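The values are calculated or read from the model by the stated rules, or taken from the named source; none is laboratory data. Owing to the predicted nature of the structure, the values given are computational and were not obtained by experimental measurement. Methodologically, a virtual Cβ is constructed for each residue, glycine included, from the backbone with ideal geometry; neighbour enumeration extends over all protein chains shown.
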């Protein structure tokens, strides 16, 4: 009997070893897709939970706790409360090697637009209208998938969950800078750093642009007395600004247009100037209007800003004491050209030529404070599609009808898990 049990145990041990060897021989990117499919429904549930409980910049307490608990459940090294509510998760592979970092932003934004999804925000005046709930979920999905195959990874993967991305640099301290000031790069020293943002092109597609991603920008700040006729002055300013646009088309609305948009063959985004007013606020002393002037040529932008200042200054009189200033260009990413081209080719080869889109021009919007993290670390910032025309889903961030086809989560997790593995294994 003892001999029989010994033989059974020996056979079981051999079977376990054999299965382990078979798993190690299974193509690693096939394991990525299998694991992504396995956890997809749970990731959708997490995304919807985050969506229903949005939190403003530096107040992401619930989201931060959710993220940290999830990472700890995967047996990652977790650092909480970095830069306020930021979280860092560190995954150690089986061998020494590179350190690849992935950034996901967690904050929501103030919005009076009604939420268009069934799992609508439960917080009045706040919603995830920019897709950060999706970004956070993709980051958690990456951690799950990669931790499931850590025995086949070289090096480290660092997951940076950042607070307070929705903070215009002309006014507010950003979450990226807060994490740096609180010792982010003392805790981790990434060799490469990546991030993604939801975009309004079709779900299943991803884009990375070598070099500069966003147009040259000048923030516009206009102040006048609070007892002035604020709405009338704002309307006059908007009417003046639109005269300086190089195209009659609203470029912010046209970015996803298949012909004249960023990815269109007849794009308007390789030679343009455009401006807009996007926010206003009032206190007891003054009324402030915030806007942007964007363009493809920095010299032309400087000349246009001088013309705008002269024209708008004429709106001023002794009763409103209007002041106008132009800030400096900010939040502009520079994607490492070599890494951008390598990663684009890799995703195309692994997931098909239709998975990759290349823009034909510069995005005329404010950037992302990821560029602060990226200043001295090579890497890239990806746009990932979230729209689905057949379902009537348009993923234009900050738009009134913003929504996301949730299959973008699956694409993001599989594409970027494979990308991180490729970068870990590269020389």
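Would you say residue 362 is surrounded by fewer than 19 Cβ atoms within 10 Å (Cβ to Cβ), assigned by TED's automatic domain parsing to the domain that holds residue 203 and farther than 20 Å from residue 131 by Cβ?
Answer is no for this residue.
Could you list all residues from the range 116-136 that are more than 12 Å from the chain's Cα centre (by Cα) and touching a residue at least 40 places away in the same chain (Cβ under 8 Å)?
Pass one, the range 116-136, residues more than 12 Å from the chain's Cα centre (by Cα): 116-129.
The answer is 116, 117, 119, 120, 121, 122, 123, 126, 127, 128, 129.
List pairs: first in the range 72-85 and buried (at least 19 other Cβ atoms within 10 Å of the Cβ), second part of a loop (DSSP other than H, G, I, E, B), Cβ under 6 Å, 6+ apart or cross-chain?
If the second residue must be part of a loop (DSSP other than H, G, I, E, B), the pairs left are 82/182; 83/182; 84/58; 84/163; 85/60; 85/163.
Given 287, 351, 331, which one is buried (at least 18 other Cβ atoms within 10 Å of the Cβ) and on the phi > 0 side of the Ramachandran plot?
331
Listed here are the residues, each with its yes/no results for (1) surrounded by fewer than 19 Cβ atoms within 10 Å (Cβ to Cβ); (2) at pLDDT 95 or above; (3) under 22 Å from residue 384 (Cβ atoms); (4) assigned by TED's automatic domain parsing to the domain that holds residue 394.
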| residue | (1), (2), (3), (4) |
| --- | --- |
| 98 | yes, yes, no, yes |
| 104 | no, yes, yes, yes |
| 107 | no, yes, yes, yes |
| 110 | yes, no, no, yes |
| 120 | yes, yes, no, yes |
| 123 | yes, yes, no, yes |
| 128 | no, yes, yes, yes |
| 134 | no, yes, yes, yes |
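Going through the range 50-84 one residue at a time, which ones are on the phi > 0 side of the Ramachandran plot and assigned to a loop (DSSP other than H, G, I, E, B)?
If the condition is that a residue be on the phi > 0 side of the Ramachandran plot and assigned to a loop (DSSP other than H, G, I, E, B), then 58, 75, 83, 84 are the ones that fit.
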